[in-house]
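For reference, the structure is listed below as C-alpha cells.
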Ligand SMILES: NC(=O)c1ccc[n+]([C@@H]2O[C@H](COP(=O)([O-])OP(=O)(O)OC[C@H]3O[C@@H](n4cnc5c(N)ncnc54)[C@H](O)[C@@H]3O)[C@@H](O)[C@H]2O)c1
C-alpha cells in the first residue's frame with residue numbers, strides 16, 4: 001500500500017527520521033504519544049482552504065458520511081482505508097469521479113495518518129476499533145468525525161475523551177439527531193421548563209434482529225480478518241459476524257443499548273441538562289438477556305430493561321430493548337412531567353400529550369442546522385461542534401452502564417466526582433476489555 005506525504009521538504013528530515021523510527025514501533029497501540037504528537041501536521045486551515053479528509057472504514061455509515069461531506073465545496077477526500085479491499089471500489093469510484101483524481105488507498109490506517117495533508121478523518125469502523133482509530137488520529141493531529149457509540153466500553157470512552165482534550169482536536173460524533181428539528185424542538189421545550197418538572201424519561205428500541213447460524217469458514221480473499229478483529233478476541237471467521245452484523249455480538253459492540261441507546265438516551269440526557277455537559281446518573285440496575293431470539297449466533301441481549309437514578313435534578317431514566325411498544329414508534333424518547341403531561345419524540349416527529357393521552361399544542365424552536373456542516377465550520381473556527389466528543393462520550397458511558405449492570409447482575413454506581421465507575425462491575429467487558437496482543441489502549 002502506498003504511503004502518503006512522500007514529497008517531504010528538506011526541513012522535515014527530522015520528521016522523516018521520526019517516521020522511520022515510528023514504523024519500527026508501528027504495532028497498534030505502541031506508538032508513544034510523543035512520537036505521534038511530533039508527527040502531527042502543522043497545517044492550519046484558513047477560510048478559503050479545503051478540508052482534506054481520509055475515511056477509515058468504507059462500510060455503511062463511513063461511506064454515507066463521506067458522501068454527505070462531499071456535498072460541501074470545502075471538502076476534499078484524499079484517502080480511503082479499509083481492511084477489506086472488497087469494500088473500497090464503490091467509494092474509490094465516487095471520489096475519483098467527483099474530484100477527477102484518485103484517492104490513495106490504504107489497508108493500514110496508521111500509514112494514512114502519517115499524511116501531512118490530511119486534516120480530518122471519518123471514523124466509520126465497527127465500535128471495537130473506534131478507540132485505536134480515534135486516539136491515534138488525535139495523536140497525529142487530525143480532527144475527527146467519529147461514529148457512535150464512541151467506544152466498545154467505558155475505559156476506552158474515558159481514554160478517548162482525554163486524548164481529544166490533550167491534543168485539542170475538534171470532534172463531531174455521528175449522533176446526528178442532535179441537529180434535527182424534531183429533537184432540537186423537543187430539547188428546547190424541556191430546557192425552557194415548558195413541561196414543568198420532569199420526573200421520568202423513557203427511551204426505547206424495538207429489536208428483533210437475527211444474525212442466523214453459520215459455520216466457521218475461510219475469510220474471503222481481500223479481507224484481512226486478523227486486522228478486522230484487531231483488539232477484540234480472536235474467534236473463527238463467520239460471514240454473519242463481520243460487516244454490519246458485528247453489532248449483534250458483544251465482542252465488537254454493546255448491542256442495542258449502545259447502538260440505539262446512544263441516540264435515544266442522548267436526547268433524554270440533553271433535555272435534562274443545561275448544555276453539552278450532561279447530567280450523569282448515580283446508579284443503574286438492569287435485567288435482560290437473550291430471551292426472545294434463540295437458536296441464533298447472536299449474543300447481544302434482545303431484552304433489556306434498565307433503570308437509572310439521577311439526582312440534581314431528581315429523575316429516573318428507563319431504557320428498554322423490547323419486543324414491542326404498542327401505540328408508539330419502534331424507537332423514541334419520552335419526558336414525563338410531574339403533572340402527568342408527556343413529550344414524545346422520535347425520528348420524524350414529536351408530540352405533547354395530556355395525562356389522558358390527548359394531544360396538546362406545541363411550540364417550535366429555531367432549527368439547529370446541518371450536522372456535517374457544523375463539523376466543517378468548527379474545524380475552520382476551532383469551535384465546539386453540537387455533538388462534541390466529551391459530551392457524546394458521557395452518553396456512551398450511560399449506555400455502557402446498562403451493560404455493566406446486566407453483566408455484573410448488580411446495581412452499579414457512577415462516581416461523578418471521580419468520573420469513573422464505582423467498585424461494582426469493574427470486572428465486566430462493558431467496563432474494560434483485555435486487548436488482544438499486540439494491541440493496547442494508549443495511556444493518555
Ligand atoms: N450515526 C448513525 O446513524 C449510524 C448508523 C449506522 C452505523 N453507525 C456507526 O457507524 C460505524 C460503522 O457501522 P457500519 O454499520 O457502517 O459498519 P460496516 O461493517 O458496514 O462498516 C465498517 C467498515 O469498517 C471496516 N474496518 C474494520 N476494521 C477496520 C480497520 N482496522 N481499519 C479500516 N477499516 C476497518 C470494515 O471492513 C467495514 O468495511 C459503527 O460505529 C456504527 O455504530 C452510525
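The values are calculated or read from the model by the stated rules, or taken from the named source; none is laboratory data. Note that this is a predicted model, so its numbers are computed, not measured. Cβ coordinates were reconstructed from backbone atoms using ideal geometry, including for glycine residues, and neighbour counts include every protein chain displayed.
Of all positions in the stretch 251-274, at least one carries a residue that is over 30 Å from residue 341 (Cα atoms) and more than 10 Å from the ligand (Cβ to nearest atom).
Can you work out which of the residues in the stretch 233-247 that are part of a helix (DSSP H, G or I) and over 16 Å from the mean Cα position of the chain (by Cα) is nearest to residue 434 (Cα to Cα)? Taking the candidates together, the pick is 241.
With respect to the conditions (1) over 21 Å from residue 402 (Cα atoms); (2) within 10 Å of the ligand (Cβ to nearest atom); (3) buried (at least 24 other Cβ atoms within 10 Å of the Cβ), residue 178 lacks only one, and its number is (2).
Selection over the stretch 336-359 of residues that are touching a strand residue (DSSP E or B) at 6+ places or on another chain (Cβ under 8 Å) and surrounded by 12 or more Cβ atoms within 10 Å (Cβ to Cβ) gives a count of 15. Do we have any residue at all in the stretch 203-215 that's closer than 21 Å to residue 281 by Cα, more than 13 Å from the ligand (Cβ to nearest atom) and in a strand (DSSP E or B)? Looking for residues that are closer than 21 Å to residue 281 by Cα, more than 13 Å from the ligand (Cβ to nearest atom) and in a strand (DSSP E or B), one finds at least one in the stretch 203-215, hence yes.
Within the stretch 61-99, the residues that satisfy the criterion of being part of a helix (DSSP H, G or I), more than 9 Å from the ligand (Cβ to nearest atom) and in contact with a helix residue (DSSP H, G or I) (Cβ under 9 Å, 6 or more places away or on another chain) are 66, 67, 68, 69, 70, 90, 91, 94, 95, 98, 99. A count restricted to the stretch 138-170 and to residues that are under 15 Å from residue 378 (Cα atoms) and within 14 Å of the ligand (Cβ to nearest atom) stands at 3. The residue that is farthest from the chain's Cα centre (by Cα), counting only those in the stretch 114-137 that are more than 18 Å from residue 152 (Cβ to Cβ) and within 11 Å of the ligand (Cβ to nearest atom), is 121. Evaluation of residue 194 against the conditions (1) surrounded by fewer than 20 Cβ atoms within 10 Å (Cβ to Cβ); (2) more than 16 Å from the ligand (Cβ to nearest atom); (3) assigned to a helix (DSSP H, G or I) shows that the sole unmet condition is (3). Of all residues in the stretch 386-413, those being crowded, with 24+ Cβ neighbours inside 10 Å and not in a helix (DSSP H, G or I) number 2. Screening residue 105 with (1) closer than 24 Å to residue 403 by Cα; (2) within 13 Å of the ligand (Cβ to nearest atom) gives one miss only, at (1). Across the stretch 45-60, not a single residue is classified as surrounded by fewer than 17 Cβ atoms within 10 Å (Cβ to Cβ), more than 22 Å from the chain's Cα centre (by Cα), modelled with pLDDT under 95 and within 16 Å of the ligand (Cβ to nearest atom). Within the stretch 412-444, count every residue that is under 13 Å from residue 283 (Cα atoms) and touching a strand residue (DSSP E or B) at 6+ places or on another chain (Cβ under 6 Å). Result for the stretch 412-444: 5.
Here is a yes/no grid of residues against (1) touching a helix residue (DSSP H, G or I) at 6+ places or on another chain (Cβ under 9 Å); (2) crowded, with 18+ Cβ neighbours inside 10 Å; (3) at positive phi; (4) modelled with pLDDT under 95:
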residue: 226; (1), (2), (3), (4): no, no, no, no
residue: 236; (1), (2), (3), (4): no, no, no, no
residue: 240; (1), (2), (3), (4): yes, yes, no, no
residue: 249; (1), (2), (3), (4): yes, yes, no, no
residue: 254; (1), (2), (3), (4): yes, yes, no, no
residue: 263; (1), (2), (3), (4): yes, yes, no, no
residue: 274; (1), (2), (3), (4): yes, no, no, no
